[in-house]
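Structure first, commentary second.
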Amino acid sequence: MNSNIWLLTFADAISIATTLILASLGAIITERSGVINLGVEGMLLMGAVTGFVVADSTGNLWLALLIAVLVGVVLSSIHAALTVGLRANQIVSGLAMVIFGTGLSQFIGKPIEGDPLPVVIRPLELGWLSDLPFVGPVVFGHDLFTYLTWAAAGGASFYMHRTRPGLLLRATGDAPATVDAQGGSVARIRWVHTMVGGALMTFAGAWYMFARAAAWNQAATTNGIGWIALALVVFASWRPLRALGGAVLFGFSLQVPFTLQALQIRTLPPTIVAMFPYLITLAVLVLLSTPRARRLLGAPKMLGQPFVRDER
Amino acid sequence: MIVLGRRIQMEQRMAVPKSAVVIVPVVSVIAALVVGGVFLALTGHPPVRTYLDLLDNGYTSFYGITDTLGLATPLICTGLAAAFAFRMNLYSIGQEGQMYLGMIGGAWAGIVLADSLPPLIAVPSVLLFGALAGAAWIAVPAFLRARLGTSEIVSTLLLNYVALNLVNYFIFGSQGFFRDPTTSFPQGRAVADSARLSPLSFFTEKSTNTYPTFFVAVLLAVMLFWFMRVSNYGYETAVYADSPNTARYAGMSSAWLQSSVLLVSGALAGVGGAMYVVGPAGKVDPGLLQVGLGYAGIVVAALARYNFLAVVLAAVLFAGLRTGGNALQVSNDPVPIAIAVVLQGAVLLFALGGELFRRNKVTLVRVQKATT
């Protein structure tokens, strides 16, 4: 019985990891261009609530996901307009996106609060594969989007390290002046990747809504997952494939409190156990900031810096 | 000369004109109201009437303005906390959690110490312990930032969630020290009477939700404004904010400046939480968790452009949105309180965009063909 629950915990960790991977992929792509978008938490909420509202009125999952993605493009282009276009402070703009997204999602979601989900994303039926011991539920017990997400991480890695636009993307984050001197448009590269990143973030929120949440509830739907995704970016040292392992680790730490509750393990009160994901994330961040680790990390050198030609 | 078209030309300003300092925030607020109005109209609430109700319930009626000043009290503190850190380019977003800790620390002092002390000492000691608890909560991120260079943004934020669960643990999760032992209903243990202030009546017979702590918060703002202007410390932080390298060459310690600024910021947010104990709550009250005054403090600070005196005005403005919004929620045509948060976010976004106009002279110029 107990081993069964831990098996489910593993499976759930991989499932939660899908949101974390999508959101942190979005953040990695954005940050590689030199733009930091702290608004992940707000974007997740907006993706979740718009997805829900569209699905509620049309009953169409695909349309809901599409609209959620478009909302991400619109929101992140506000961020890009402010930070790339108007050279506003990226940190403050990102925080404004969190506050704006939180408020707006709450406002939009008020009428549907507590309603049951109109559609859900179900795991794929993979026949005998799903019946395998251990591997069945953990590896083959997921929905289409989970597999696509893992593939997307591979795709993003290939794009960033093996293609020309990907090279330009990384160059824009590290040395925008060089890209500019070569005739590339720093502003365009930053706009495009901020928007793609934003689309991934709201998609992450919408997926979470349909695959994992029971109902829309602003306070509980994301619960800080967006911030954990941002920590994951550092953990992954801005490399998509490294985000996969980290996402499973963080996903596991998010799932364990529920498992302990299900097992009626009461050595620690649930409110204390609920702190663990955040404390573990913090501990990981600390380990990563030791001088030795920092040398291996390699953040985009001009992250957060607006690019102005001819300055200096 | 042939006019080819027009383009927008930006020219960096040498000095910021006085008018831009006022116009940019005012226009930001108006623009945000327009955006909020669109959302109101889309959801079937008449925007103008809603805003007039908001104005009346938030600012112009007697209970409106006194509720607003009461809510603004901790908000000024979190706003000062954010402004103090942000102007040093330290982006602490942990005011929310530090405020909870300030409430816990203040309540501890109010329960343990205040019994034997006269109010004149008890109330300040509650505020002091709130400040200490707030500073303690940011100590780890401050140390990590100063010693290892760990981003304070994510570390302070993560601790907000830990603080939230800590308050829940004290009130709902345990029968511990902070829990009221006299009732099975989960609520905080009341602090000693000597640690509490009575609300102001503003020369009427009515009881309001404004506490004398409002003036303490304003005094804090004035003192910070003055201190950072005249002191060596204020000068050093200003130099460091402009150019960390210059500061280092001049022999200033970046570790000291970074950690001390973050600790003071945490203490300011902590005082905000303790004011909640001295004033309306009188105990550790999970009700504070639902208000989001810590995050709103960041918006207040940004709108005030990290000017401590302007923080007071911005905090009153934002608190009014909140109290007005609360009243709207329970009116005949209930508008979700979230509209207040939408407006806050929108004000900040517009204020950020307005920065461009503050820093640059923006003109529309005709592009002419060169005459050879």
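Structural remarks
- Of A:Ile78, A:Ile228, A:Ile14, the one that fluctuates the most in a GNM where chain A has Cα springs shorter than 10 Å: A:Ile78
- In sequence order, calculated HN-Hα J values of the range B:131-139 (Karplus, 6.51, -1.76, 1.60; Hz; x Gly/Pro): 4, 4, 5, x, 5, 4, 5, 9, 4
- Here's the list of lysines a cross-link from B:Lys361 could span, going by alpha-carbon distance under 27 Å and ignoring same-chain residues fewer than 8 apart: B:Lys18, B:Lys369.
- Relative contact order for chain B, counting Cα pairs under 8 Å that sit 6 or more residues apart, in percent: 37
- Taken over the Cα atoms of the protein assembly as shown, the convex hull encloses 198 Å³ per residue.
- Taking the longest Cα principal axis of chain A as reference, the axis of helix A:61-80 is set at about 40 degrees.
- Taking 13 Å as the cut-off, the amide N atoms of the range A:224-248 that come nearer than this to a point 7 Å along the Cα-to-beta-carbon line of A:Leu287 belong to A:235-236, A:246-247.
- All aspartates and glutamates inside 12 Å of A:Lys301 as judged from Cα atoms, apart from same-chain residues fewer than 8 positions distant: A:Glu31, A:Asp174
- Bridging of B:Lys283 to lysines at a Cα separation below 24 Å is possible for B:Lys206, once same-chain residues fewer than 8 apart are set aside.
- Prolate/oblate/rounded call for the range B:69-333, Cα gyration tensor, a/c under 1.5 rounded: prolate
- Under 5 Å, built H, 5+ apart or other chain: amide partners of B:Asn360: B:Arg13
- Available extension along the chain between B:Ile30 and B:Arg13 is 3.7 nm, counting 0.36 nm per residue and deducting the alpha carbon span.
- Length released on extending from A:Thr178 to A:Ser57, taking residue separation times 0.36 nm less the Cα-Cα span: 38.7 nm
- With only Cα atoms counted, chain A has Rg and Dmax values of 19.7, 67 Å.
- Per-peptide average of other Cβ atoms within 10 Å, ordering B:28-35, B:116-123, B:167-174, A:35-42 highest first: A:35-42, B:167-174, B:28-35, B:116-123
- FRET efficiency for A:Leu263 and B:Ser253, using Cβ-Cβ distance with R0 set to 45 Å, rounded to 0.05: 0.35
Every read-out reported here was derived from the displayed coordinates using simple, explicitly stated rules and does not represent laboratory data. Because the structure is predicted, anything quoted here is derived from the model rather than measured. Note that each Cβ is placed from the backbone with ideal geometry, even for glycine, and that neighbours are counted across all protein chains shown.
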